[in-house]
Amino acid sequence: MKAAVLYEPRKPMVIEDLKLAPPKAGEVRVKVAANGACHSDLHVMTGDMRMPLPMVLGHEGAGIVAEVGAGVASVKEGDHVVLSFSPVCGYCHYCTQGQPHLCITRPQGLGTLMDGTTRLSKNGSEIFHFCYAATFAEEAVVPESCAIKIRDDVPLDRACFVGCGTMTGIGAVINTAKVRPGANVAVIGCGGVGLNVIQGAALAGAHEIVAIDLLANKLELAKVFGATKVVNPSQDDAYKAVMDLTHGSGVDYAFEVISSPKTIELAFRMTGRGGTCTIVGVSPEGARISFNPNVFTLMEKRLIGSYYGSTRPRIDMPLLIDLYMDKKIKIDELVSRTFPLEGVNEAYDLLRKGETSRSVIKFF
Ligand code: COD
Ligand code: ZN
Ligand code: ZN
């Protein structure tokens, strides 16, 4: 089958034929229909996020089940699925207490499936899977818990975003930070994930939603997703803008959706007393942030992180699909361009230049 393989950071992915071994027990083979081009893959391409190579990237996929391994009970051939990139065991401490996104039973090594091996190879040499998904490929073998059955009337080139950007963004607001109606919110970084934080805040009934980004095109889109005010820090002081809007209080909830210590510190600074600052981005290795610890005590500010929108995949993903089908959340507006697999490098060039929010790589 055809796949895009990353052999070296800062080099284009190579489109070539790979062998995909059949699913083992507890695994599912999926014909990939579509795939979003998320920034996290770009972190691997640039070398900011270190992964074993060669690797097939892609972690924002949707498709149709083609084959199931022994013991698979939750999906069958022909089912439409969104691919979660975070396997869930169902019995560890975290799964049991309702936090399956923190499941502890994943293998220590990166780039394999649950048993520590890969199903992808070329001429007998193993190729690694990104995030249990590796969906820049015509087919993917994934753990059963990553194949989330969805209704079959939703277009798969829209459903794929629920596998990452839509879930990560809306989930950070609703599941992790639990934004309350009437709250004031600031969102730093209005890319594919940040726009979903913005629409999550609108969905939660936030009052002011301040969108902060360096690019005018992203800020325009931020308004479409529900921002009530936009600030470009290359023109205006974002901290001052937020303080003015909130009469000097700061926001109740701030979200950092870029992945840099500087913007994390800015987000925390604009969070008001008793407010919550949520980090969504994963910063490069070695990054450090620095705060005066007394603001935690004297101002009761909170600093928390959100991984994958604290998703409970089998509950949240079909729900987000229903909300999209009911026109209560936006996905179409996220998609700037559609490419075949051969266009995957161009899709990332455009993301790197800030020209797109999301491109979709569409197989069928
Ligand atoms: N100030 C304001 N805006 C900025 C700045 C800055 N200093 N620097 C960049 N931006 C803006 C860009 O203009 C762009 O609009 C936006 O930030 C980033 O958007 P995208 O579309 O490039 O990135 P996303 O939204 O796809 O991804 C953002 C993440 C934070 C999710 C990503 O970078 C990340 O950290 N991923 C790992 C975390 C994770 O949970 N991964 C799981 C799968 S996503
Ligand atoms: Zn992603
Ligand atoms: Zn678990």
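The values are calculated or read from the model by the stated rules, or taken from the named source; none is laboratory data. Since the structure is predicted, the reported quantities are computational estimates derived from the model, not experimental observations. FYI the Cβ positions are ideal-geometry reconstructions off the backbone, even for glycines, and counts take in every protein chain you see. Remember, those area values only see protein heavy atoms, side chains included, never the ligands or the DNA or RNA. Shrake-Rupley method; radii C 1.70, N 1.55, O 1.52, S 1.80 Å.
For the range 239-335, the fraction of C-alpha pairs farther apart than 22 angstrom is 45 percent. Give the distance, in whole Å, between the Cα centre of the range 301-364 and the Cα centre of the range 239-292. The range 301-364 and the range 239-292 have Cα centres separated by 23 Å.
For the range 83-189, what is the convex hull volume of the alpha-carbon atoms per residue, in Å³?
Enclosed volume per residue, from the Cα hull, is 159 Å³.
Ranked by the mean number of other Cβ atoms within 10 Å of their residues, highest first, the peptides 5-17, 255-267 fall in the order 255-267, 5-17. Each 10 Å bin, from zero up to the one with the longest distance, holds this percent of the alpha carbon pairs of the chain: 6, 26, 34, 24, 9, 2, 0.
Using the Kirkwood radius over Cα pairs, work out the Stokes-Einstein diffusion coefficient for the range 169-307 at 10 °C and 1.306 mPa s, in µm²/s as a whole number.
Details: Rh = 14.4 Å.
Using the Kirkwood radius from Cα pairs, D works out to 110 µm²/s.
Every pair of different Cα atoms in the range 13-60 enters the Kirkwood calculation, which places the hydrodynamic radius at 12.9 Å. Note on the chain: helix-only mean residue ellipticity at 222 nm, from DSSP H runs of 4+ residues weighted -39500 (n - 2.57) and normalised by residue number, equals -6500 deg cm²/dmol. When the alpha carbon gyration tensor of the range 102-261 is reduced to an equivalent ellipsoid, its three semi-axes come out at 37, 17, 15 angstrom, largest first. Taking 12 Å as the straight-line reach from the Cα of Lys218, the aspartates and glutamates in range (excluding those fewer than 8 positions away in the same chain) are Glu333, Glu355.
Contact order, relative form, for the range 169-307: 21 percent (alpha carbon pairs under 8 Å, 6 or more residues apart, mean separation divided by residue count).
Using a probe radius of 1.4 angstrom, the carbon and sulfur fraction of the accessible surface of the chain is 52%. For the range 197-266, a Kirkwood radius taken over Cα pairs fed into Stokes-Einstein (10 °C, viscosity 1.306 mPa s) yields D = 128 µm²/s. Considering only alpha-carbon pairs that sit under 8 angstrom and 6 or more positions apart, the relative contact order computed for the chain is 18 percent. Among beta bridges identified by DSSP and lying wholly in the chain, the antiparallel ones come to about 55 percent. The separation of the range 55-93 from the range 162-238, counted between C-alpha centres, amounts to 29 Å.
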